[in-house]
Amino acid sequence: MNPSKKEILKQEIGRVRNPKSGDDSQRKVNSIVVHAGNRIHLKVKNHILGDEHPNFNFVGKLLGPKGSSLQQLQKATQTRMAILGRGSMRDKRMEEELRN
């Protein structure tokens with residue numbers, strides 16, 4: 001290594017070990033704002049193929065007892081989730097009326 005490279009490396013190690021001491025002007029120039037307080041809206045749709053597994057209750061497994069599984073997922077991921085489509089309503093007759 002060149003002496004200049006060694007000196008630069010020592011300065012960087014010292015800066016990382018003692019962030020309050022030294023000149024941080026170079027780091028401030030190269031930094032970017034990662035979080036500006038604005039919310040990010042992202043929509044993702046996951047399609048579950050219930051036709052391939054007609055005897056499995058996907059909605060029941062996702063919701064859990066009294067919706068607790070879905071609530072825990074939403075809380076852990078800080079998101080909002082909705083179950084849509086065929087089989088998502090309790091009243092089958094009302095669901096068929098709305099579909100037609």
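Bear in mind that the values in this text are calculations on the coordinates, not laboratory data. These figures come from a predicted structure and were not determined experimentally. Cβ atoms come from the backbone with ideal geometry, glycine included; neighbour counts cover every protein chain shown.
With a Förster radius of 22 Å applied to the C-beta separation of T77 and I48, the computed FRET efficiency comes to 0.80.
Taking θ as phi - 60° and the Karplus parameters 6.51, -1.76 and 1.60, the scalar couplings of region 87-100 work out to x, 8, 9, 6, 8, 5, 5, 5, 4, 5, 5, 6, 6, 8 Hz in sequence order, x denoting glycine and proline.
A simple rule links phi to the HN-Hα coupling: the Karplus curve 6.51 cos²θ - 1.76 cosθ + 1.60 with θ = phi - 60°, which for region 60-73 gives x, 5, 5, 6, x, x, 6, x, 5, 5, 5, 5, 5, 4 Hz, with x for Gly and Pro. Annotation for M89 and V16: the two label points, set 7 Å from Cα along the Cα-Cβ direction, are 5.9 nm apart. In this simple spin-label model, placing a label point 7 Å from the Cα along the Cα-to-Cβ direction at both L9 and S69 gives a separation of 5.4 nm.
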